[in-house]
Amino acid sequence: MIKAKQLVSADKAPWSSGDPIYIIQDAAVVVKNGIVIDVGHWDDVKKRYATEEVWDFGDSLVTPGLVDPHTHLLFAGSREDELERKLMGETYEEITRKGGGIYKTIRETKNTSTEQLKRLLEKRLEIVAKFGTTTVEVKTGYGLDPEEELRLARVIHSVRSYVDVVSTFLVHIPPHNRRDAYLKQIIEALPWAGTKYVDVFCDTVAFNVEETKTVLKTANALGYRLRLHADELAYIGCSDLVEELPIDSLDHLLHSPPENAEKMAKRGVVATLLPVTILALRTQKKPPVDAFRRHKVPMAIGTDFSPNSWCLNMQTTMELAVYLLGLTPLEALMGATANAAYSLRLTDRGVIAPGKVADLVVWDVPNYHWLAYEIGRNKTKAVIKRGAPIYLSSS
Ligand SMILES: [Zn+2]
């Protein structure tokens with residue numbers, strides 16, 4: 001049984017701004033075999049479980065474990081040199097067209113052994129857990145040939161970690177001069193991906209709407225769930241695809257027309273916002289948060305960890321969601337818990353309630369406002385996965 005000063009959780013997912021929320025002062029959570037079996041006020045719960053061992057975090061906040069619904073966690077090498085180039089005025093598109101960006105990472109990943117890639121991924125999963133992430137989505141996407149993409153999918157599936165991994169096969173970027181042949185090969189490889197999701201980078205430097213539709217239609221027919229990188233660098237109609245395909249989540253949305261929020265709401269599509277990438281792109285564009293709020297589109301947030309935006313920390317993502325995008329601290333927390341889980345259609349986590357997986361974070365702060373209010377410190381005190389601590393702060 002865990003004792004907390006404050007417990008905050010949605011009562012259901014998805015959660016939209018204005019929906020009910022549990023904020024319990026002096027709370028208790030009871031866990032058995034990795035599952036939450038009771039939650040409520042300390043005074044009430046302790047009567048029902050008088051003999052239970054107590055973990056006393058009576059001065060701390062407890063929330064659901066964080067879920068990071070959008071990462072490119074699996075690649076080799078790095079691109080720190082491109083930061084200076086961007087600061088000198090080169091755009092992400094220009095760097096990519098000159099063979100840098102994604103193409104550089106693809107070369108470095110190809111030259112790295114399967115064992116080494118697995119170790120890199122496991123190391124990164126260890127780091128995310130320290131910041132409170134207990135479930136993370138991981139994409140392929142640095143293959144550029146179907147065999148290599150399938151190798152990356154196998155690495156994701158073979159990884160050993162306390163953090164749960166949701167796998168996505170990402171159709172990331174076309175090779176120069178042979179995009180039609182590549183697309184055909186990718187579609188032939190799709191049945192072997194074995195991932196939960198198929199995702200496409202639909203944008204000016206990547207795949208157009210027609211190509212994206214072809215991939216997603218095939219993936220849908222094969223039984224994969226769908227998500228989409230949409231409207232990140234420009235609006236070319238990618239987010240409109242929610243009207244034609246059962247897409248769970250549209251991600252980025254920096255250039256989305258606000259009226260598309262209504263289309264998303266009608267189809268139950270999550271807007272997964274990636275504020276760290278906005279910094280990395282050095283753009284002034286922002287997603288239409290007010291329209292999402294107005295139409296009750298559930299907003300999730302993710303790190304978008306990649307060689308272009310190197311951030312493994314969901315706390316930074318929450319802080320930027322508030323200070324950069326204007327989400328409230330509560331919206332940011334729901335975006336990192338209930339709605340992030342819903343973005344991945346995981347119904348057994350993201351909220352603290354009887355019957356749900358006991359993934360919890362104990363925070364070294366007294367209330368949820370602090371999670372976004374204080375910038376830059378790792379605020380986790382204990383990270384609990386299926387009822388067992390996987391990280392304890394030494395301070
Ligand atoms: Zn991405």
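Amide H contacts of residue 165 (H built 1.01 Å from N, in plane; Pro and chain starts excluded): 136 sit under 5 Å, all sequence-distant by 5 or more or on other chains.
If you take the charge dipole of the chain about its Cα centre, with +1 on Lys and Arg Cβ and -1 on Asp and Glu Cβ, which of 22, 372, 58 is farthest toward its positive end? The Cα lying farthest towards the positive end belongs to 58. Sequentially through the stretch 345-350, phi angles give Karplus couplings (6.51, -1.76, 1.60; θ = phi - 60°) of 6, 9, 9, 9, 8, x Hz, Gly and Pro residues having no value and appearing as x.
Counting only protein heavy atoms and using a 1.4 Å probe, what share of the accessible area of the chain belongs to carbon plus sulfur, as a whole percent? With neighbouring chains kept in place, the figure for the chain is 52 percent. The lysines within cross-link reach of residue 217, meaning a Cα-to-Cα straight distance under 17 Å and a gap of 8 or more places when in the same chain, are 184, 196. Looking only at the stretch 71-85, which residues have a backbone nitrogen under 14 Å from a spot 7 Å from the Cα of residue 310 in the C-beta direction? The answer is 75-85. Taking amide H as placed 1.01 Å from N in the peptide plane, the amide H of residue 31 sits under 5 Å from that of 2, 37, each at least 5 places away or on another chain. Of the listed pairs 110/385; 12/46; 86/285, which have alpha-carbon separations greater than 28 Å here? As for pairs spanning more than 28 Å Cα to Cα, those are 110/385.
Between residue 107 and residue 393, the contour length at 0.36 nm per residue exceeds the alpha carbon distance by 99.2 nm.
Here the dipole of the stretch 18-118 is about 640 debye; that uses its Cα centre as origin and unit charges on the Cβ of Lys and Arg (positive) and Asp and Glu (negative).
Which whole-number percent gives the relative contact order of the stretch 254-323, counting Cα pairs below 8 Å spaced six or more residues apart? After rounding, I find 38 percent. Look at the dipole of the chain built from charges on Cβ: of 1, 278, 233, the Cα furthest out on the positive end belongs to 1. A simple charge model with +1 on the Cβ of Lys and Arg, -1 on the Cβ of Asp and Glu and nothing else charged puts the dipole of the chain at about 520 debye relative to its Cα centre. Excluding ligands, DNA and RNA, the accessible surface per residue across the chain is 39 Å² with a 1.4 Å probe.
The values are calculated or read from the model by the stated rules, or taken from the named source; none is laboratory data. Everything quoted here is computed from the prediction, not taken from an experiment. No Cβ is skipped: glycine too gets one built from the backbone with ideal geometry, and neighbour counts run over all protein chains shown. Surface areas here come from the heavy atoms of the whole protein model, side chains and all, with no ligands, DNA or RNA. Shrake-Rupley method; radii C 1.70, N 1.55, O 1.52, S 1.80 Å.
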